[in-house]
Amino acid sequence: MHQVAFFCALFKSVTPETIGYLCRVKQVDYLIVGLGLAGIAFSEQCLAHGKSVFVIDSGVAGASRVAAGLYNPVILKRYTLPWRAEEQFDLARTYFKALELKLKVPLRIPLPVRKIFQSIEDQNNWFAASDNPGLKRFMNPNLIQNQTKGLEAPYALGQVNETGRVDIVTLQKAYASYLEQMHAFAKAVFDYSQLELLEDGVVYQEIKAKKIVFAEGYGMRQNPYFNKLPLVGNKGEYIVVRVPGLALDAALKSSFFIVPLGNDCYKVGATYDWTSKDILPTAGAREELIAKFKTVVQLPFKVIDQEVGIRPTTGDRRALIGQHPHYAPLAVLNGLGTRGIMAGPLLAQYLFNHLEHQQSLPPEIDIMRFPKKFG
């Protein structure tokens, strides 16, 4: 007897269509929405602990895709360290090294990060900060005199130790291919109306998962389960310029960043727009970045591209991590802001341990610091 007919005879209330659907259902431990830095980091946590995943990503350019990809542990505007900086930094370096080996593609590009000093006072502030016990590891007290043709840096430069750049575009492409080989990836817009909540998990189309983790970046504003959380977001724009003869061998920080991309090309940015939330490039941002670039580089250049992303930021500059208080299978990993390279692996680890082992989240990042947002 045909298998479907057999089951129908056995279970009178079950239709052939239902059985056919059940045969097609893919069951996983975690359904993950978003393949930016957060989504990749959480996928890696799951796979490293023997958990199965399925990832859905729209492919629309997000903050991760346009970010410069620098890993720099020092906030150079104020000469301070971000939250749990050393823990973030050391885990991120190990994480990206392991990803390179796993994906068999080069991802890390050694790249010094140097601050262009604006005055003698700026130099003195650097010296004072570099003597701070927390910053001493990362801030080199020896000034670097400018020897780059076409670069304006009359007060010398200060170098941050142990920095570099991650090729995020290559990472996302390689990771999507890796998931596709496991039949664990779909390029699609997530449709919240098709998400069914069960007592023991969720069903989305033909996927059944024990839990779903939303790592959508600013797209969380459209998420009916988490959209009341205070994700502010700000629009950042970059330009890519070609400057023959500049020959920078380091990323430079003034009031903006200049990041070498190779072949005489440099990423320049970024702007911060807290009001507009579209992903359209603007002439105003382009002119702003061109004007800033001209204050530092005195060589002819050509703008060859302009990129836009919405950074998932919060008012208190802390991530949004945790489990929905009313729907246990739902969780969120968001609000990484401008430091997703460093923060992603540690935050993913926190969330995984919270969901799997009921470990408490650090209160600074726990979404339940905003209990009123869940009614």
Per the charge dipole of the chain (beta-carbon charges, Lys/Arg positive, Asp/Glu negative, Cα centre), the residue among Ser52, Gln298, Leu35 reaching farthest to the positive end is Gln298
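What is the sum of charges around Leu70, taking Lys and Arg as +1, Asp and Glu as -1, for the other residues whose C-beta is under 11 Å from the C-beta of Leu70?
For residues surrounding Leu70, the net value is +4.
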Heavy-atom accessible area per residue of the range 176-313, all protein chains kept, 1.4 Å probe, expressed in Å², is 47
In debye to the nearest 20, the charge dipole size for the chain, taken about the Cα centre with +1 at each Lys and Arg Cβ and -1 at each Asp and Glu Cβ, equals 280
Taking r as the C-beta separation of Asn125 and Glu100 and R0 as 51 Å, the FRET efficiency to the nearest 0.05 is 0.90
Among Leu101, Pro73, Ala85, the residue whose Cα sits farthest towards the positive end of the charge dipole of the range 54-123 (+1 at Cβ of Lys and Arg, -1 at Cβ of Asp and Glu, taken about the Cα centre) is Leu101
Surpassing 27 Å at the alpha-carbon level, of the pairs Lys149/Lys253; Lys149/Lys277; Lys97/Lys235, are Lys149/Lys277; Lys97/Lys235
If R0 = 22 Å, then Ser177 and Glu206, at their Cβ-Cβ distance, give a FRET efficiency to the nearest 0.05 of 0.50
Note: Tyr272 to Asn161 extended length (0.36 nm per residue) minus current alpha-carbon separation gives 37.3 nm
The summed charge of the Ser177 Cβ neighbourhood (under 14 Å; Lys/Arg +1, Asp/Glu -1) stands at +2
For Ala186 and Val169, extending 7 Å from Cα along the Cα-Cβ vector and measuring point to point gives, in nm, a value of 2.8
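Where in the chain lies the longest segment free of trypsin sites (Lys or Arg not before Pro) that are both loop residues by DSSP (not H, G, I, E, B) and have at most 12 other Cβ atoms within 10 Å?
Free of exposed loop sites, the longest segment is 150-375.
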Total charge of the residues flanking Gln159 in space, meaning their Cβ is under 9 Å from its Cβ, with Lys and Arg +1 and Asp and Glu -1, is +2
Note on the chain, DSSP bridge orientation, antiparallel percent to nearest 5 equals 70
Taking a straight Cα-to-Cα line shorter than 12 Å from Lys267, and setting aside same-chain aspartates and glutamates fewer than 8 residues away, one finds Glu237, Asp305, Glu307
For P(r) over Cα pairs in 10 Å bins from 0, in percent the list reads [x] 5, 22, 29, 23, 12, 5, 2, 1, 0; [y] 4, 18, 22, 21, 18, 12, 4, 1, 0; [z] 5, 22, 31, 28, 13, 1; the calculated value is entry [x]
Asserting the computed 222 nm helical MRE of the chain (DSSP H runs at least 4 long, -39500 (n - 2.57) per run, divided by residue count, to nearest 500) equals -9000 deg cm²/dmol
Volume per residue (Å³) of the convex hull spanned by the alpha carbons of the range 163-301 is 168
Checking the range 176-235 for GluC sites (Glu not before Pro) in a loop per DSSP with at most 16 other beta-carbon atoms within 10 Å yields Glu199, Glu206
Share of accessible surface on carbon and sulfur in the chain, whole %, 1.4 Å probe and ligands ignored, is 53
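The values are calculated or read from the model by the stated rules, or taken from the named source; none is laboratory data. All values derive from a computational prediction rather than experimental measurement. Cβ sites come from the backbone with ideal geometry, for glycine too, and all protein chains shown count toward neighbours. Quick note on the areas: whole protein, heavy atoms, side chains included, nothing else; ligands and nucleic acids left out. Shrake-Rupley method; radii C 1.70, N 1.55, O 1.52, S 1.80 Å.
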